[in-house]
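The values are calculated or read from the model by the stated rules, or taken from the named source; none is laboratory data. These figures come from a predicted structure and were not determined experimentally. Counting neighbours? That spans all protein chains shown, and the Cβs are built from the backbone with ideal geometry, glycine included. Heavy atoms of the whole protein, side chains included, go into the accessibility calculation; ligands, DNA and RNA do not. Shrake-Rupley method; radii C 1.70, N 1.55, O 1.52, S 1.80 Å.
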Amino acid sequence: GAESARRPGVTVDSSKAKTSLEALKISLRQLRWKEFPFGRRLPCDIYWHGVSFHDNNIFSGQVNKFPGMMETVRKITLSRAMRTMQDLFPLEYNFYPRSWILPEELPLFVAEVRMMKDRNPSWKPTFIVKPDGGCQGDGIYLIKDPSDIRLTGSIQSRPAVVQEYICKPLLVDKLKFDIRLYVLLKSLEPLEIYIAKDGLSRFCTEPYQEPTLKNLHQVFMHLTNYSLNIHSGNFIHSASVNTGSKRTFSSILCRLSSRGADVKKLWSDIISLVIKTIIALTPELKVYYQSDIPAGKPGPTCFQILGFDILLMKNLKPILLEVNANPSMRIEHEQELSPGVFENVPSPVDEEVKVAVIRDTLRLVDPQKKKRKDTHLSFHTHLLIFPTQVQSLHAGIAGMKDKQHKHHSLKLSLKLKFYLKLGSCQSLEQAPEGSEELPEAALPSLCLKQVFPKYAKQFSYLRLVDRVAALFIRFLGVKGTTKLGPTGFRTFIRNCKLSNSNFSMAAVDILYIDITRRWNSMGIDHKESGMCLQAFVEAFFCLAQKKYKSLPLHDQVASLIELCECRLAALRGKRLVWGCG
Ligand code: ADP
């Protein structure tokens with residue numbers, strides 16, 4: 001049993017880890033896995049990429065990025081995906097602020113705001129404009145009126161999202177703050193999601209006031225970005241987890257709990273926000289996945305740590321601000337020692353949260369996990385079989401006669417010492433290199449908590465667009481594309497028997513051309529021609545509305561999905577019978 005604990009360590013290629021390298025190194029040292037900082041000629045078990053799936057060419061093992069994730073969580077793409085879900089499930093997706101895409105939806109934005117103001121003259125909204133693909137608060141500004149949108153200039157002419165500004169955030173120490181939560185998408189099919197029990201709270205550095213024309217431009221009051229606030233004279237580098245401008249989320253929860261807030265409900269709302277957001281992202285991700293890793297071809301499997309930025313409203317309702325495909329895993333920050341002289345110093349708050357997230361992600365995707373479980377079991381069996389040995393150990397084994405017995409006891413005593421020594425986090429760091437890997441029991445309990453499939457029953461009804469995406473992927477063909485050609489669209493209509501005397505194949509072609517042209521004219525991705533998933537979803541909704549006029553949108557879409565799935569299943573059945581014949 002003890003011998004079976006010895007096994008070659010898991011191998012990790014860290015050559016492309018970039019800014020997450022430091023935290024990754026600490027995690028690997030704690031796990032005693034084998035790091036290949038310059039890559040390896042033989043394949044590794046795990047590849048840790050700093051930016052994207054494509055950082056390395058890999059054909060096996062696991063990689064910590066999904067293809068297409070960066071594109072899927074861009075501000076515009078995320079807003080579109082959320083809008084689709086809001087159209088289908090308005091109540092369930094009210095945690096995402098109402099958003100419009102610029103420049104194409106500017107007229108719609110102007111018209112809707114005017115209509116809402118007409119309906120409610122006391123409504124004095126503020127909006128936030130965020131350039132697409134921007135980060136760290138880059139190019140963001142607040143406006144009171146749609147006419148204040150700046151559409152000229154290099155940053156301003158970039159596509160952007162304009163969004164309702166949340167005016168009444170929860171304040172701590174009179175400051176606005178947001179939460180960075182780490183979420184592990186462990187697998188797409190089947191869907192597996194984990195949430196880190198702790199995250200970071202990032203604080204503004206000027207006391208908050210509700211937006212007025214006078215204070216709209218005060219970024220240190222309205223934007224919580226660390227990268228902006230660090231330049232404020234008021235920024236406080238946190239020496240502990242519950243003070244300063246960056247604290248742990250758990251320290252905020254403690255504080256809220258002591259004020260009598262319902263922290264359990266808050267967590268359950270956050271979990272629900274995370275699951276619903278990932279459900280909104282999976283259709284697009286699946287399209288990218290099949291394109292980069294076609295079914296049946298060799299390829300790595302993927303997992304990814306995402307950074308969710310969440311704002312709490314005064315009433316503790318969590319609001320999703322954005323999802324980051326590459327959340328910063330830096331565990332140090334720059335400090336100005338004297339004017340113009342900077343030094344990287346460790347940040348204990350970042351280290352505490354981020355190292356645990358990386359280490360526990362690795363534990364969850366450990367390719368040798370099953371073996372580890374067996375080893376762990378066999379260790380317990382030892383204790384059950386030789387309880388007397390443990391006693392004699394403490395009593396002093398020197399006097400024992402039986403050689404074999406003594407041998408077992410010695411082994412056991414070494415093992416016990418080993419476990420005792422590894423009881424605390426600090427001792428993990430000092431473990432000698434090349435020693436046997438750590439059994440789970442010697443590591444701190446996992447900081448990542450499974451939420452899906454754990455709560456699948458409550459949320460599976462939301463996965464409608466996933467089923468539309470499955471239809472889309474089916475008609476894409478096998479070429480590994482992400483866009484549907486006109487023939488594929490026609491085949492979809494024909495196989496699902498959706499055309500009839502009222503909806504001719506000529507009308508099908510017109511629908512395809514109209515929608516595809518519009519999406520391609522505003523799209524970011526001009527690499528391929530054809531119909532992208534979101535255009536297909538729009539076409540699908542159109543068809544559903546045509547066919548089931550009297551039903552609400554959700555029921556129209558659900559009915560059409562069922563009809564298509566049924567007809568395709570019947571077709572497959574027929575083909576099988578013909579095949580057999
Ligand atoms: P970036 O990727 O540039 O950081 P974010 O969407 O995260 O863009 O926005 C930057 C900051 O602006 C957030 O951290 C938050 O403090 C503030 N913010 C963004 N959207 C809203 C909103 N709808 N209401 C209130 N504050 C917001």
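Among (1) open to solvent by less than 40 Å² (accessible area, probe 1.4 Å); (2) farther than 17 Å from ALA469 by Cα; (3) aliphatic (A, V, I, L, M), where does LEU576 come up short?
(1)
Of a type in the set (Lys, Arg) and either open to solvent by 30 Å² or more (accessible area, probe 1.4 Å) or at positive phi (or both), is that true of LYS16?
On the way: of a type in the set (Lys, Arg): yes; either open to solvent by 30 Å² or more (accessible area, probe 1.4 Å) or at positive phi (or both): yes.
Spelling it out, LYS16 is indeed of a type in the set (Lys, Arg) and either open to solvent by 30 Å² or more (accessible area, probe 1.4 Å) or at positive phi (or both).
Six or more apart or on different chains, Cβ under 7 Å: which pairs go from a residue in the range 32-47 that's closer than 19 Å to GLU22 by Cα to one that's surrounded by fewer than 13 Cβ atoms within 10 Å (Cβ to Cβ) and modelled with pLDDT under 95? Could you list them?
What qualifies is ARG32/SER435.
Before we move on, is LYS246 touching a residue at least 60 places away in the same chain (Cβ under 8 Å), open to solvent by 30 Å² or more (accessible area, probe 1.4 Å) and in contact with a helix residue (DSSP H, G or I) (Cβ under 9 Å, 6 or more places away or on another chain)?
Values: touching a residue at least 60 places away in the same chain (Cβ under 8 Å): yes; open to solvent by 30 Å² or more (accessible area, probe 1.4 Å): no; in contact with a helix residue (DSSP H, G or I) (Cβ under 9 Å, 6 or more places away or on another chain): yes.
When the stated conditions are applied, LYS246 does not pass them.
Given (1) away from the ligand (no atom under 16 Å from the Cβ); (2) modelled with pLDDT of 95 or more; (3) small (Gly, Ala, Ser); (4) crowded, with 17+ Cβ neighbours inside 10 Å, where does SER291 come up short, assuming only one miss?
(2)
Can you tell me which of (1) closer than 30 Å to PHE59 by Cβ; (2) in contact with a strand residue (DSSP E or B) (Cβ under 7 Å, 6 or more places away or on another chain); (3) not in a loop (DSSP other than H, G, I, E, B) is the one VAL355 doesn't meet?
It is condition (2) that VAL355 fails.
In the range 330-369, what residues are closer than 28 Å to ALA442 by Cβ and among the hydrophobic types (A, V, I, L, M, F, W, C)? Outline the logic, then answer.
Start the filter on the range 330-369 by keeping residues that are closer than 28 Å to ALA442 by Cβ, which leaves 330-332, 346-369.
Correct list: ILE331, VAL349, VAL353, VAL355, ALA356, VAL357, ILE358, LEU362, LEU364, VAL365.
Which of (1) within 15 Å of the ligand (Cβ to nearest atom); (2) surrounded by 18 or more Cβ atoms within 10 Å (Cβ to Cβ) is the odd one out, the single condition GLY133 does not satisfy?
(2)
Could you check how many residues of the range 98-128 are part of a loop (DSSP other than H, G, I, E, B) and either surrounded by fewer than 11 Cβ atoms within 10 Å (Cβ to Cβ) or in contact (Cβ under 8 Å) with a residue 24 or more places away in the chain (or both)? Walk me through how you get there before you give the answer.
So the first thing to find is which residues in the range 98-128 are part of a loop (DSSP other than H, G, I, E, B), and the list is 98, 103-105, 120-126.
Cutting the leftovers down to either surrounded by fewer than 11 Cβ atoms within 10 Å (Cβ to Cβ) or in contact (Cβ under 8 Å) with a residue 24 or more places away in the chain (or both) gives us 98, 103-104, 120-123, 125-126.
Within the range 98-128, residues that are part of a loop (DSSP other than H, G, I, E, B) and either surrounded by fewer than 11 Cβ atoms within 10 Å (Cβ to Cβ) or in contact (Cβ under 8 Å) with a residue 24 or more places away in the chain (or both) number 9.
Restricting attention to the range 42-58, does a residue exist that is within 30 Å of SER460 (Cβ to Cβ), open to solvent by 40 Å² or more (accessible area, probe 1.4 Å) and at pLDDT 95 or above?
Scanning the range 42-58 turns up no residue that is within 30 Å of SER460 (Cβ to Cβ), open to solvent by 40 Å² or more (accessible area, probe 1.4 Å) and at pLDDT 95 or above.
Every residue, every condition in (1) farther than 24 Å from GLU352 by Cα; (2) open to solvent by 20 Å² or more (accessible area, probe 1.4 Å); (3) under 22 Å from the mean Cα position of the chain (by Cα), yes or no:
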| residue | (1), (2), (3) |
| --- | --- |
| LYS34 | no, yes, no |
| SER60 | yes, yes, no |
| SER79 | yes, no, yes |
| ASN94 | yes, yes, yes |
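Report those helices (runs of 4 or more DSSP H) wholly inside the range 440-499 carrying at least 3 residues which are open to solvent by less than 20 Å² (accessible area, probe 1.4 Å). Reasoning before the result, please.
Values: elements: 456-459, 464-476, 486-495.
Because the criterion is at least 3 residues that are open to solvent by less than 20 Å² (accessible area, probe 1.4 Å), the helices (runs of 4 or more DSSP H) in the range 440-499 that meet it are 464-476, 486-495.
Among the strands (runs of 3 or more DSSP E) confined wholly to the range 136-218, which include 2 or more residues that are away from the ligand (no atom under 13 Å from the Cβ) and over 21 Å from ASP350 (Cα atoms)?
Here the list reads 175-187, 192-196.
Would you confirm, using the coordinates I've provided, whether SER338 is surrounded by fewer than 20 Cβ atoms within 10 Å (Cβ to Cβ) and within 15 Å of the ligand (Cβ to nearest atom)? Don't jump to the end; show me each part of the working.
Numbers: surrounded by fewer than 20 Cβ atoms within 10 Å (Cβ to Cβ): yes; within 15 Å of the ligand (Cβ to nearest atom): no.
So SER338 fails the test.
With open to solvent by 30 Å² or more (accessible area, probe 1.4 Å) and either closer than 29 Å to ASP555 by Cβ or of a type in the set (S, T, N, Q) (or both) as the only criterion, which of ARG150, ARG83, ARG158 stands out? Show your work before the answer.
Details: ARG150 fails: either closer than 29 Å to ASP555 by Cβ or of a type in the set (S, T, N, Q) (or both); ARG158 fails: either closer than 29 Å to ASP555 by Cβ or of a type in the set (S, T, N, Q) (or both).
Matching residue, one of ARG150, ARG83, ARG158: ARG83.
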